[in-house]
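Take a look at the structure below.
Every number here is computed from the coordinates shown, using simple stated rules; none is lab data. On a predicted model such as this, the values are computed, not experimentally measured, just so you know. Here the Cβ positions follow ideal geometry from the backbone for every residue, glycine too, while neighbour counts run over all protein chains shown.
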Amino acid sequence: MLDKVHVYKLIEHRIWMLITRTSSVSYPMAITLDGGDKDSIEAFFAVVFHENGRLEIPTKVGFIPNEYGSWDFDENTQEIIFVNSKDQSEIRASLPEPLPYGDNVIAIKLKNGSPDSTAETLFVNAPHLNHPKITHQQISSRQVLLVPRKEFSFSLYKKLRWSGISVKLVDCEQGLLSFLHEAYEYLANHPRIENVVISRKNRLFIKFAQGYQLAFLNNQGLVSFDYLSGSRQVVMEFLIVVLTENNLRLFDEANSRDEETMLQDILNKQFYQRYKLIDLPNP
């Protein structure tokens, strides 16, 4: 039997997003609370549990529902209780449990729905959305999409998280080579990742080349470096060659190639017949 102290250890410092799932849709839907402005239309409703029973709302929603005033724990029934703003027990929920889909997603399932309802409502947590105080969690997914933070949208997260693909937001404002350098640093620090997508745009469709090949976006028969995918081994090989060649280029005053010309030369000389062009819908 757990008490409130032990339950808090299970839920602390995590961002729990409220979703609803029905049999009529292929993936869960996040709940937004429209306040009339752009931020609240795009923000999903989520909570952070605090040890003193307070519920923090970390997203800019249009309003906060009365039923989520604070939280408590019923030791007899082993249920989490959401208490409304009038200090009355409102909603009961399960202890956190893993879901059979998504990338290491766990959920707190709400229990106050109609017994005949085909929908379920849950607070879900995925590691990459966690509170900044969480530093010890490891990535369990073997696939990752690296995308610039400025390109990220919730629609990307909403769809990819249920397919077992982690989304890593890269802080980069200095161009393609800087983005590739940050991608290399991330992959070097996460050796368990097996498949990699590096995309400069917010793309909901993911394709990998077969075997030891790179896949690049097809731009009217030419390579576009806005999208790159492949196994960890071949992507890391490509990134190491690119970063090494770029350092040599920067120190060689006679080397007048721009970044994309240098990248194309690398493909032609060192990855000949080891890459393919793929077509993807526009972002």
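The label point for GLN264 and the one for LYS4, both projected 7 Å from the Cα toward the Cβ, are 6.6 nm apart. Which aspartates and glutamates does LYS168 reach when only Cα atoms under 15 Å apart count, and residues fewer than 8 places away in its own chain are ignored? Correct list for LYS168: ASP103, GLU151, GLU182, GLU185, GLU194. Listed peptides 179-192, 53-66 appear in the order 179-192, 53-66 once ranked by packing, highest mean of other Cβ atoms within 10 Å at the front.
Between ILE240 and GLU194, the contour length at 0.36 nm per residue exceeds the Cα-Cα span by 14.9 nm.
Averaged over residues, the count of other Cβ atoms within 10 Å places the peptides 77-85, 142-150 in the sequence 142-150, 77-85, highest first.
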